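Here is the structure we will look at.
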Amino acid sequence: MKKLLKFFLIFTSALGVLLLSIVICAVCVTAGYSLDAAKLIDTEYTAEFYDKNGREISAFSGENLVSEKEDIPSYVKNAFVAVEDKRFYSHKGVDLKALARAAFNNIKSFSFKEGASTISQQLIKNTHLTNEKTIRRKLIEFKLTRQLEKMFTKEEILEMYLNTIYFGKNSYGITAAAKNYFNKNVGELTLGEAAALAGVVKAPSAYSPANDIGKCKERRNLVLKLMKEQNMISESERAKAAAEEIVLAQGEKSAGFFYLQRAKAKLKNIL
């Protein structure tokens, strides 16, 4: 009994020292980093393209269109919550259950392939950090996410997220995506269109309806399935939305349209 007690004391002491070391390390690594609220709503961008003679041939500049949260229908918001962060309204920025599952699966596969980023974490990564996969960056992300959750409501965080994520087709934010893909205001999107846009976010180049309608439909139907499982929509609503054809807005294409699309994709990779 004494040996068992001694072992328990040694084990708990070692564990305590380890946890304390981790906390101290995290504090040191993240020191000097704090949330910059201005970056969460900074939607200005400028991209100019020139030909070999220095003449401007295309320019995209100004501010992204921003939807007010009351203009975003609940089914649009629910589509993103269902597929990106089903416990969004209950966690405090970091989903510990999802984090533990991802860590276990990554250890099994000896990789960092599986992530567990919440909507709040994605907002921080997109506006404050790079895409590098390091423990240091993740610790900074955790710190800024906790600050974000203390400073803003869930509805405000979701609105900022929807207005900053990239949907492909030069579309930053839900308003630009609705216009560029479907020539609609956000409030005019159907449930099927909302689910399609929510499905694009994971990999715009792969799931964009402008690139691959088939993959886009598969992803859209997955989003609808998740919404049904999470009691956000009924079975009849799911079935009706899954039967919708994806009809894209038809824009006039100049002779240099496809060249510019390729150039913009190349620019995105470089940046």
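The values are calculated or read from the model by the stated rules, or taken from the named source; none is laboratory data. Everything numeric here is computed off the predicted structure, so don't read it as measured data. With ideal geometry, Cβ positions are generated from the backbone for all residues, glycine too; neighbour counts draw on all protein chains shown.
For Arg146, the conditions (1) in contact with a Gly (Cβ under 6 Å, 6 or more places away or on another chain); (2) without any contact (Cβ under 8 Å) to a residue 24 or more places away in the chain are fulfilled apart from (2).
Could you list, in sequence order, the residues of segment 197-231 that are of a type in the set (Asp, Glu) and part of a helix (DSSP H, G or I)? Reasoning before the result, please.
Residues of segment 197-231 that are of a type in the set (Asp, Glu), as a first pass: 212, 218, 229.
Listed by number, the residues that qualify are Glu218, Glu229.
I'd like to know if segment 69-84 contains one or more residues that are crowded, with 16+ Cβ neighbours inside 10 Å, touching a His at 6+ places or on another chain (Cβ under 9 Å) and at pLDDT 90 or above. There is no residue in segment 69-84 that is crowded, with 16+ Cβ neighbours inside 10 Å, touching a His at 6+ places or on another chain (Cβ under 9 Å) and at pLDDT 90 or above. Annotation: of all residues in segment 149-166 being free of Cβ contacts under 8 Å to residues at least 60 places away in the same chain and crowded, with 22+ Cβ neighbours inside 10 Å, the one that is farthest from Pro73 (Cα to Cα) is Ile165.
The set of residues from segment 232-264 being at pLDDT below 95, surrounded by 14 or more Cβ atoms within 10 Å (Cβ to Cβ) and in a helix (DSSP H, G or I) comprises Leu260, Gln261, Ala263, Lys264. Could you count how many residues in segment 207-234 are under 15 Å from the mean Cα position of the chain (by Cα) and among the hydrophobic types (A, V, I, L, M, F, W, C)? The total comes to 1.
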